[in-house]
1. Does Thr106 satisfy the criteria of being out of contact with any helix residue (DSSP H, G or I) (no Cβ under 7 Å at 6 or more places or on another chain), within 30 Å of Asp233 (Cβ to Cβ) and at pLDDT 85 or above?
2. Looking for something within 28 Å of Asn40 (Cα to Cα), part of a loop (DSSP other than H, G, I, E, B) and among the β-branched types (Val, Ile, Thr) - is there at least one such residue anywhere in segment 175-192?
3. Suppose we keep only residues that are in a strand (DSSP E or B) and of a type in the set (A, V, I, L, M) within segment 117-164. Which one would you say is nearest to Pro190 (Cα to Cα)?
4. What helices (runs of 4 or more DSSP H) lie completely within segment 8-100 and have 3 or more residues being modelled with pLDDT of 80 or more and among the charged types (D, E, K, R)?
5. Which one is surrounded by the fewest Cβ atoms within 10 Å (Cβ to Cβ), of the residues in segment 226-236 that are part of a helix (DSSP H, G or I) and within 18 Å of the chain's Cα centre (by Cα)?
6. Hey, among the residues in segment 171-197 that are surrounded by fewer than 19 Cβ atoms within 10 Å (Cβ to Cβ) and among the basic types (Lys, Arg), which one's nearest to Glu98 (Cα to Cα)?
7. Restricting to segment 142-169, name every residue that is surrounded by 15 or more Cβ atoms within 10 Å (Cβ to Cβ) and among the charged types (D, E, K, R).
Amino acid sequence: MRASLVNLARRLVLLSLVLGGLFSPALAQDAALLPEEVANLYLRSFVNVDVESARKLNDYLRGQYPGRDVLNVAQLTGIGDQIIIRSMTAFAQEPPVEPYTQELQTAFMIYLRAQMDALQRSDCRARAGTGPRAHAEIPEALAATVPFTCKIPNVTVRPPDMTAATTPEARSRLLARALREFAEAMRNAPVERELSGEIDLTARDKTRPYWENHAPGALLERILSILHPPELDQLF
């Protein structure tokens, strides 16, 4: 395979967030929330695509210019479709396997949709962490590190025996079948696998601390990487 599918997925997440205009860092107007409360809004907005949380986060992050939204709530609700479209476009430009048949393209789309659905089923929660503390690089700012835990679908798959595919066409058909089976496993996986991480937040004004994170795509990136079965990359 020319490039790891999971690495491609990471790049596509960031493209969807940055190029798609979903998020633009800005100053906040409301400083009443605690760091862990802000972290929970990020988790629910970007991992679960919860519209109400996204609206609250947008209100919190609304910029210093009147009437300017920081978070495109309407566009965020379609982030799964955007990632799938960008992924399929990238695969078409640089096929992960030849021949890249219509059957294989459809299987990739089914797999990506199952991955997006599994992401939204994840249950992530932030808790009180360290901080506020002096920011290491910005003298007038504060920093806070908020720990979080997630329960995500526990996907277990058994890869097919690729030695049975003696021609490129047979290999393509077998890969398509494997992708469909992986998608089905992801849809039916219980939400019981645990992971932990941290969200770094910054408040630019010590006298009126508000909290923001400039890389919400990293939340999706990490969980998508774990949801992606390593057995899949081994088939290419």
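The values are calculated or read from the model by the stated rules, or taken from the named source; none is laboratory data. Bear in mind that the values here come from a model prediction, so they are computed numbers and not experimental data. Glycine also receives a Cβ, built like all others from the backbone with ideal geometry; neighbour counts cover every protein chain displayed.
1. On the way: out of contact with any helix residue (DSSP H, G or I) (no Cβ under 7 Å at 6 or more places or on another chain): yes; within 30 Å of Asp233 (Cβ to Cβ): yes; at pLDDT 85 or above: yes.
Yes.
2. Looking through segment 175-192, none of the residues is within 28 Å of Asn40 (Cα to Cα), part of a loop (DSSP other than H, G, I, E, B) and among the β-branched types (Val, Ile, Thr).
3. Restricting attention to segment 117-164, the residues satisfying the condition of being in a strand (DSSP E or B) are 123-126, 130-134, 142-153.
Then keep just the ones that are of a type in the set (A, V, I, L, M); that gives 126, 134, 142-144, 146, 152.
Values: Ala126: 21, Ala134: 41, Leu142: 39, Ala143: 36, Ala144: 33, Val146: 26, Ile152: 8 Å.
So the residue we want is Ile152.
4. Numbers: elements: 35-46, 51-61, 73-76, 79-93.
So the answer is 35-46, 51-61.
5. Keep residues of segment 226-236 that are part of a helix (DSSP H, G or I), which gives 226-227, 230-233.
Still in the running and within 18 Å of the chain's Cα centre (by Cα): 226-227, 230.
Values: Ile226: 16, Leu227: 22, Pro230: 12.
Only one residue fits best here, namely Pro230.
6. Arg173
7. If the condition is that a residue be surrounded by 15 or more Cβ atoms within 10 Å (Cβ to Cβ) and among the charged types (D, E, K, R), then Lys151 is the only one that fits.
Each row is one residue, and each column tells you yes or no for (1) more than 30 Å from Arg204 (Cβ to Cβ); (2) more than 20 Å from the chain's Cα centre (by Cα); (3) of a type in the set (S, T, N, Q).
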{"residue": "Ala107", "(1), (2), (3)": "yes, yes, no"}
{"residue": "Ala118", "(1), (2), (3)": "yes, no, no"}
{"residue": "Gly129", "(1), (2), (3)": "no, yes, no"}
{"residue": "Glu140", "(1), (2), (3)": "no, yes, no"}
{"residue": "Pro147", "(1), (2), (3)": "no, no, no"}
{"residue": "Lys151", "(1), (2), (3)": "yes, no, no"}
{"residue": "Ala164", "(1), (2), (3)": "yes, yes, no"}
{"residue": "Leu174", "(1), (2), (3)": "yes, yes, no"}
